[in-house]
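Report on the following structure.
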Amino acid sequence: MKIFALDTSTEAICVAYTDGQNFYSMNYFGVEKHAVKLAPLVNDFLKLCDVKVSDIDVFGCGIGPGSLTSLRIGLAFVQAMACVTSKPIVPVVSSKVVAMNLSGCEQDVVIVKKAREGFVYISCYRSLQEVLAPSVLEIEKAFDILRKFKDPVVVGDAAHMFESVALVGKKELQYPRGEFLLHEVMQNFKANVVRKPHEVEPLYLQKSIAEMNLEKRLKGQ
């Protein structure tokens, strides 16, 4: 089975491909934004893999949490490829993929990412089992959560905020890796977590500014 997967939940773009025997992956950390870089990056990557979009059997996509704009760019790109080829999409939780970077860690692994000002996305894994599902919390409440875990390790672009209560992992550990992304896609595929393109949505846990402004206007009526 030929699988192509990508994740745009962080500042990096992670792409990966396997045909069941060979494995390829690439992470892009350049200055160009996802909207500009994603299409040419995927095109070049698939050429290196010597595979056409029409040859792919299953598409995988990290659905977050993360920046709504970045997530939508990645998801829309995968949805377009899946629609054109009439192939399914397997969604995966990006924070679980990141937690796999510390798969040998005996401590609780907490993923903390920047959300709206004063808030963070947070999730926790113990031996890669979900202890705290991805949530969005005020920073002070996130501190309270972290204090309940035993010697937690935190990774993510908000990890530095919590160095007083947890061990901060190296920066490179906050980015999804291709082999782990594909692993989660294959596991979810086996578990029948398979969706039609229009059924997949980003795991965006906070309301958009537009939604908040609309609520304010409605309350003022």
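FYI, it's all coordinate maths here, none of it is from the lab. A quick note: this is a predicted structure, and the numbers were derived from the prediction, not measured. Glycine gets a Cβ as well: all are built from the backbone with ideal geometry, and neighbour counts include every protein chain shown.
Largest first and in whole Å, what are the equivalent-ellipsoid semi-axes of the stretch 59-148 based on the Cα gyration tensor, each being the root of 5 times an eigenvalue?
28, 17, 8
Within the stretch 76-185, report the trypsin sites (Lys or Arg not before Pro) that DSSP leaves as loop and that have at most 15 other Cβ atoms within 10 Å.
Listed in order of number, the matching sites are 116, 150, 170.
For residue 33 and residue 2, compute 0.36 nm times the residue count separating them, minus their Cα-Cα distance, and round to one decimal in nm. Don't skip to the end; give the middle numbers.
Values: separation 31, 0.36 × 31 = 11.16 nm, distance 2.77 nm.
Additional length available on full extension: 8.4 nm.
Give me the one-decimal nm value for the distance between modelled label points at residue 147 and residue 80, 7 Å along each residue's Cα-to-Cβ direction.
Modelled inter-label distance: 4.8 nm.
Karplus couplings for the stretch 27-35 from phi (6.51 cos²θ - 1.76 cosθ + 1.60, θ = phi - 60°), rounded to Hz, Gly and Pro as x?
Result, rounded to whole Hz: 10, 9, 10, x, 7, 5, 6, 4, 4.
Stretch residue 23-residue 190 to full length: gain in nm at 0.36 nm per residue minus the Cα-Cα span?
Result: 58.2 nm gained on full extension.
Computed over the Cα atoms of the chain, what is the ratio Rg over Rh, Rh following Kirkwood?
Working: Rg = 17.8 Å, Rh = 18.0 Å.
Taking Rg over the Kirkwood Rh, I get 0.99.
Using only helices, what value at 222 nm comes out for the chain when you add -39,500 (n - 2.57) per DSSP H run of length 4 or more and divide by the total residues, to the nearest 500 deg cm²/dmol?
-10500 deg cm²/dmol
Mind sorting 128, 205, 182 by how few other Cβ atoms lie within 10 Å of their own Cβ, fewest first?
128, 205, 182
Enumerate the lysines that residue 190 could reach by cross-link, defined here as Cα to Cα under 27 Å, with residues fewer than 8 away along the same chain left out.
2, 52, 87, 96
Compute the FRET efficiency between residue 69 and residue 107 as 1/(1 + (r/R0)^6), taking r as their Cβ-Cβ distance and R0 = 30 Å, and round to the nearest 0.05.
In this case the efficiency is close to 0.40.
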